[in-house]
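Q: Below: one structure in structure tokens.
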Amino acid sequence: MITRERAGAVLTVDLGAVAANYRLLRARAAPAASAGVVKADAYGLGVGRVAPALFAEGCRFFFVAHPEEGIGLRAILPAEAEIAVLNGPPPGTEAEFPAHRLIPVLNSLAQVEAYAGLARRRGEALPACLHVDTGMSRLGLDHAELKALVAEPSRLSGLALRYLMTHYACADEPGHPLNATQLAEFRAARARLGDSPTCLANSAGIFLGADYRGDMVRPGIALYGGAPTMGQANPMAAVVRLEGRIIQLRTIDAPRSVGYGATHKVTGRTRIATVAVGYADGYLRQLSNRATGYVGDVPVPLVGRVSMDLTTFDVSALDPDRVRPGAAIELIGPHNPVDAVAAAAGTISYEILTSLGRRYFRDYVGGPVAGV
Ligand SMILES: *Cc1c(COP(=O)(O)O)cnc(C)c1O
């Protein structure tokens with residue numbers, strides 16, 4: 001059992017901020033409905049806490065990636081929640097979807113065939129989403145499959161289509177021409193498939209404008225405080241705070257190096273704080289010599305390489321009385337937004353969040369009442 005005292009870091013997840021972000025996105029997307037994407041353990045933040053907080057805020061449609069995630073979520077959420085599985089059913093698992101009241105996102109004719117076949121055999125309409133690929137070349141019906149489906153719409157018989165979906169490749173770049181191209185292609189596909197409700201926009205897509213949203217939006221990262229649009233001010237409330245614990249301090253007087261590979265050289269008198277967080281905790285090794293921690297308002301540069309369980313910071317700028325073993329260095333937080341940490345690592349907020357380690361003490365604050 002991880003306790004606050006024993007853990008190398010405290011990860012604070014502000015469920016009130018998740019709820020506020022949901023409200024902001026819902027208001028922004030209205031009249032479109034707002035789902036919540038909680039795949040990958042709610043982007044690493046803990047689906048068992050995040051999903052009930054979203055439900056309490058009025059969210060009734062949830063997306064996960066894997067069937068297993070859907071089965072887990074079904075056990076957490078009240079019955080009126082709808083749960084869709086983005087990856088669709090792996091062959092042979094179709095019957096598990098109605099068994100757990102999961103809605104598959106059907107991404108290929110083979111998935112359509114298998115799932116509609118199941119519905120017809122059971123003699124009941126099964127809800128499903130249908131995903132058409134308009135520019136990701138990843139999941140969804142391609143041109144040839146769409147054509148085959150349009151030529152023979154009875155392939156869909158047995159299915160109750162909940163949403164026709166597509167996914168933008170460049171929604172976080174509002175000026176990117178692919179956005180309009182994908183929308184046009186989606187509209188053409190919908191005109192040929194009949195008028196089921198539509199679901200197009202991820203977090204960034206919500207900010208592209210009303211045309212891009214459809215009947216329901218499906219934000220993920222913005223719920224968790226990540227900036228939806230590249231290069232623009234982030235309207236979302238910060239959700240995550242990560243404070244690493246200093247477990248040792250030393251003063252270096254002679255020229256010396258710090259860490260593996262001796263990548264950081266110390267010349268003058270320097271004070272080094274060693275924090276019990278490393279790349280095994282998802283504090284990425286790419287942050288070596290690039291990130292900044294904070295003690296109060298004072299920036300303390302990360303020096304040397306991030307190792308598996310430990311990271312070193314130059315705390316020379318601080319009054320020695322302010323840094324003692326047991327004190328905390330802010331690794332993610334108000335001075336160090338998740339997007340800034342991601343930029344320092346050469347990655348995106350999504351990867352920082354989904355990498356957050358299992359060894360942190362997790363403190364959930366601002367959640368719905370009744371201990372949820
Ligand atoms: C992950 C995912 C989302 C959520 O995207 P964000 O950029 O995190 O808002 C939406 N739709 C699909 C298909 C996804 O895979």
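Q: Quick check on segment 82-203: what does the Kirkwood estimate of hydrodynamic radius come out to from the alpha carbon pairs, in Å? Can you show the working numbers first?
A: Working: mean 1/r = 0.0683 Å⁻¹.
One decimal place: 14.7 Å for the Kirkwood radius.
Q: So what are the three principal axis dimensions of segment 213-372 from its Cα atoms, in whole Å, longest to shortest?
A: Result, largest extent first: 65, 36, 26 Å.
Q: Same structure again: From Cα coordinates alone, what are the radius of gyration and Dmax values for segment 139-261 in angstrom?
A: Cα only, segment 139-261: 23.1, 79 Å (Rg, Dmax).
Q: Rolling a 1.4 angstrom probe over the protein heavy atoms, how many square angstrom per residue are accessible across the chain?
A: Details: 16020 Å² over 372 residues.
Here the residues of the chain average 43 Å² of exposed surface.
Q: Each label point is 7 Å from the Cα along the Cα-to-Cβ direction; what then is the distance between the points at Arg155 and Glu113, in nm?
A: Output for this residue pair reads 0.9 nm.
Q: Something else: HN-Hα J couplings of segment 302-319 from phi, Karplus 6.51/-1.76/1.60, θ = phi - 60°, integer Hz, Gly and Pro as x?
A: My calculation for segment 302-319 gives 6, 10, x, 7, 5, 9, 4, 10, 9, 9, 10, 10, 8, 10, 4, 6, 9, 4 Hz in order.
Q: Determine one quarter of the surface area of the Cα convex hull of segment 1-140, which equals its mean projected area, and express it in nm² to one decimal. Can you show the working numbers first?
A: Numbers: hull surface 43.9 nm².
Its Cα hull, projected and averaged over all orientations, spans 11.0 nm².
Q: Now for a separate question. Once the Cβ-Cβ distance between Ala56 and Arg187 is put in as r, and R0 is 25 Å, what FRET efficiency do you end up with, to the nearest 0.05? Please list the in-between numbers first.
A: On the way: r = 35 Å, r/R0 = 1.41.
The calculated FRET efficiency here is 0.10.
Q: Now, a different point. Of all the stretches in the chain, which is the longest one without any exposed loop site, taking GluC sites (Glu not before Pro) in a DSSP loop (any state but H, G, I, E, B) with at most 13 other Cβ atoms within 10 Å?
A: In the chain, the maximal stretch lacking such sites is 125-372.
Q: A further question on this structure: Which residue, Val239, Ala188, Gly209, has the largest displacement toward the positive end of the dipole of segment 164-295 when charges sit on each Cβ (Lys, Arg +1; Asp, Glu -1)?
A: Value: Val239.
Q: More than 23 Å apart: what percent of Cα pairs in segment 289-370 qualify?
A: Details: 889 of 3321 pairs.
The calculated P(r) of segment 289-370 puts 27 percent of pairs beyond 23 Å.
Q: Nearest-5 percent of antiparallel DSSP beta bridges in the chain?
A: Details: 29 of 57 bridges.
DSSP beta bridges in the chain are roughly 50 percent antiparallel.
Q: Continuing with the same structure: Mind checking the full-extension length gain between Glu80 and Ala125? Use 0.36 nm per residue of separation minus the Cα-Cα distance, one decimal, nm.
A: Difference between extended and current length: 14.4 nm.
Q: Could you work out how far the C-alpha centroid of segment 82-150 sits from that of segment 28-80, in angstrom?
A: Result: 20 Å between the Cα centres.
Q: Would you mind checking the radius of gyration and Dmax of the chain based on alpha-carbon positions, in Å?
A: Values for the chain (Cα only, Rg and Dmax): 23.6, 80 Å.
Q: While we're on this one: Ranked from highest to lowest mean number of other Cβ atoms within 10 Å per residue, what is the order of the peptides 315-325, 334-344, 34-44?
A: Numbers: 315-325: 13.5, 334-344: 18.7, 34-44: 23.7.
The packing order, highest mean first, is 34-44, 334-344, 315-325.
Q: Please list the non-local residues whose amide H lies under 5 Å from the amide H of Ser316, H modeled 1.01 Å from N, same-chain partners needing a gap of 5 or more.
A: Arg271
Q: From the phi angles alone, apply the Karplus equation (6.51, -1.76, 1.60; θ = phi - 60°) to segment 233-249 and give each ³J(HN,Hα) in whole Hz, x where the residue is Gly or Pro.
A: Calculated HN-Hα couplings, in order: 4, 8, x, 8, 7, 5, 10, 10, 9, 10, 10, x, 8, 6, 10, 7, 10 Hz.
Q: At a 1.4 Å probe radius, carbon and sulfur cover how many percent of the accessible area of the chain? Mind dumping the intermediate values first?
A: Details: 8520 of 16020 Å².
Of the solvent-accessible surface of the chain, carbon and sulfur hold 53 percent.
The values are calculated or read from the model by the stated rules, or taken from the named source; none is laboratory data. If you're wondering where the values come from, they're calculated on a predicted model, not measured in any experiment. Here the Cβ is made from the backbone with ideal geometry for all residues, glycine too, and neighbour counts use every protein chain on show. These accessible areas exclude ligands, DNA and RNA; they are computed on the full protein's heavy atoms, side chains included. Shrake-Rupley method; radii C 1.70, N 1.55, O 1.52, S 1.80 Å.
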